[in-house]
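Below is one structure, written out as structure tokens, with a few remarks after it.
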Amino acid sequence: WNLPGDPLAFEVAVTFTPDGTGTRLAIHFTFADARAVRTAVERYGVIRGGEETLERIARYLGEGQ
């Protein structure tokens with residue numbers, strides 16, 4: 001999706017906030033419109049892909065303990 005004018009282009013903001021002894025991670029995506037969101041979810045599986053990415057990050061962080 002790194003193409004100029006791509007209808008599925010989106011912006012993402014990631015925030016890390018201290019939370020007790022851990023850190024809270026918030027991820028916010030902004031798409032051009034609802035149609036772009038539906039396409040990204042239905043055609044490209046972005047929700048499951050995001051879950052898999054977060055699972056890999058959690059495993060990586062767990063290895064350092």
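The values are calculated or read from the model by the stated rules, or taken from the named source; none is laboratory data. Note that the structure is predicted; figures quoted are calculated from it, not measured. Positions of Cβ are backbone-derived with ideal geometry, glycine not excepted, and every protein chain shown enters the neighbour counts. Side chains are part of the model used for accessible areas, which takes the heavy atoms of the whole protein and leaves out ligands, DNA and RNA. Shrake-Rupley method; radii C 1.70, N 1.55, O 1.52, S 1.80 Å.
Listing for the model above:
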{"item": "Electrostatic dipole magnitude of the chain [Cβ: Lys, Arg +1; Asp, Glu -1; Cα centre; debye, to 20]", "result": "100"}
{"item": "Crossing angle, helix 46-63 versus the chain [Cα axis fit, 0-90 degrees, rounded to tens]", "result": "20"}
{"item": "Relative contact order of the chain, pairs being alpha-carbon contacts under 8 Å that are 6 or more residues apart, as %", "result": "23"}
{"item": "Accessible area (Å², 1.4 Å probe, nearest 10) - residue 30", "result": "90"}
{"item": "Tilt relative to the chain, helix 34-44 - C-alpha long axis, 0 to 90 degrees, to 10", "result": "70"}
{"item": "Heavy atoms of residue 47: accessible area, 1.4 Å probe, square angstrom to 10", "result": "100"}
{"item": "Extension reserve of the residue 14-residue 33 stretch, reckoned as 0.36 nm per residue once the Cα distance is removed", "result": "4.8 nm"}
{"item": "Read-out Rg/Rh (Cα atoms, Kirkwood Rh), derived from the coordinates shown; its label in [x] 0.95; [y] 1.04; [z] 1.07", "result": "[z]"}
